[in-house]
Each structure stands twice: as structure tokens, then as C-alpha cells.
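Contents: one structure, followed by commentary.
Only the coordinates and a few stated rules stand behind these numbers; no lab work does. On a predicted model such as this, the values are computed, not experimentally measured, just so you know. We place every Cβ from the backbone using ideal geometry, glycine too, and count neighbours over all the protein chains shown.
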Amino acid sequence: MSSGPQSPEPTGFAPASRRRRADAERNRQALLDAAREALADGNGTFSLEAVARAAGVGIGTLYRHFPNREALVTAAYEAQVEDLLAQGTRLLDAMPAREALREWLGQFARFVSTKRGMLDALRLGMIESAQQHDVTGMRDRMAAAIAPMLDAGARDGTLRPDVHPADVVLLVAGSLMPLQADEAQTERLMSLVLDALRPEGGRA
């Protein structure tokens, strides 16, 4: 015998499975945010227990999302890469091209610092999975992220029109990678890069 149509769930109450998924996603994001903050410190004290505590979850919740330290650190690193790549368009919508590029370069410098923290946290020369990343492909993606800023700066006369985006990425990476630069030194380095991109007689 048919039981007839099911009564709709009361308005305002999501199914339990949907609530669990939403809670799980919030927990995962909180763990990633806490891991990224811990890695950015670069002080060698990164621990899974501390990350779980900062995220406001138990260590069991952490392990359900990330089975080991490498999985968590790699996910945090990749999330920061995606954020960095997405910032170019947002910054260019919000400010003039040269200012947008300066802000993006500052974020890139912080990304480099976080990468050092990632390697220190694992106590390895390199994360195994990170070795499998396409380094050339990553450079190309970062070059694509700053290309619109360089084009806009060339049009408004604040940036050289003959600069290749990939050259800028390599210039910045080469300036920062060998150093444990403090904030003041990083700012000086970024100013030097921007000076190199200034057109002769251009507005800066």
C-alpha cells in the first residue's frame, strides 16, 4: 500500500545531510585558514594540534579532513596559490594599475614567506607531492595573473610597455627566494622592481 506523497520538510530547516556537509566545509576552511596563518609565522612550531585548536575543532576532525601533516600543509599551500592568482583581477578593479601591481607583489612576497614556512614545518628539503607540481606551469599562471595589470599600466603610462609578465615573476622570485627578508627589506625590493618597470618619463 502506498504511503502517499511525503510531507515537505518544514521551511527553514535544511536536511541533516546538508547541514553536515555545510559544517564539514566550514571546519575544513577553518583548518586551512589556521594552517596558513601558522605557516606564515615560519617559526618552526607548526603542529597539527595547534592548528586544530586555532580552528576551534578537535584533532579527530582535522584527521578526517587531512590524514597527515603533508596533506594539510599541501592543501594550505595550494589554497594560497589560488587566492594569489585570483587577486590580480580584483586589485585591478579596485585601484590603478601600478598600485594594483605593487599590492600584488606584496602578496606574492608573503606567499614566498609562507612557502618557506611550509618547508620548515615538514622538516624536509621538499614535500614529495610538491615536487610533482608543474613549476613552469605555475610560473605561467602567475604571469597570466599580472599580465592585465602590466597591460593597463602600459596604457596609462605608469608601467613600461615592453615588459613580459614571466620576466616580472622571475625577477621577483629571484629577489626573494634566497633571502629571509624582513618586511622593510621586502618593501625595498618591491620598490626596486617597480622602479625597473617605470617607463622613461612615465608617471609613477
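Put in order of Cβ neighbour count within 10 Å, fewest first, the listed residues Ser175, Ser17, Ser191 become Ser17, Ser191, Ser175.
For His164, His65, the sequence from fewest to most other C-beta atoms within 10 Å is His164, His65. The local environment of Asp167, defined by Cβ-Cβ distances under 13 Å, has a net charge of 0 under the rule Lys, Arg +1 and Asp, Glu -1.
First measure r as the distance between the Cβ atoms of Glu37 and Ile59, then evaluate 1/(1 + (r/R0)^6) with R0 = 25 Å and state the FRET efficiency to the nearest 0.05. Let's see the in-between values first.
On the way: r = 18 Å, r/R0 = 0.70.
About 0.90, to the nearest 0.05.
If a paramagnetic tag sat 7 Å from the Cα of Ala86 along the Cα-Cβ line, which residues of region 59-80 would have the backbone N under 16 Å from that point? Residues 75-80 qualify, since their backbone N sits under 16 Å from the label point.
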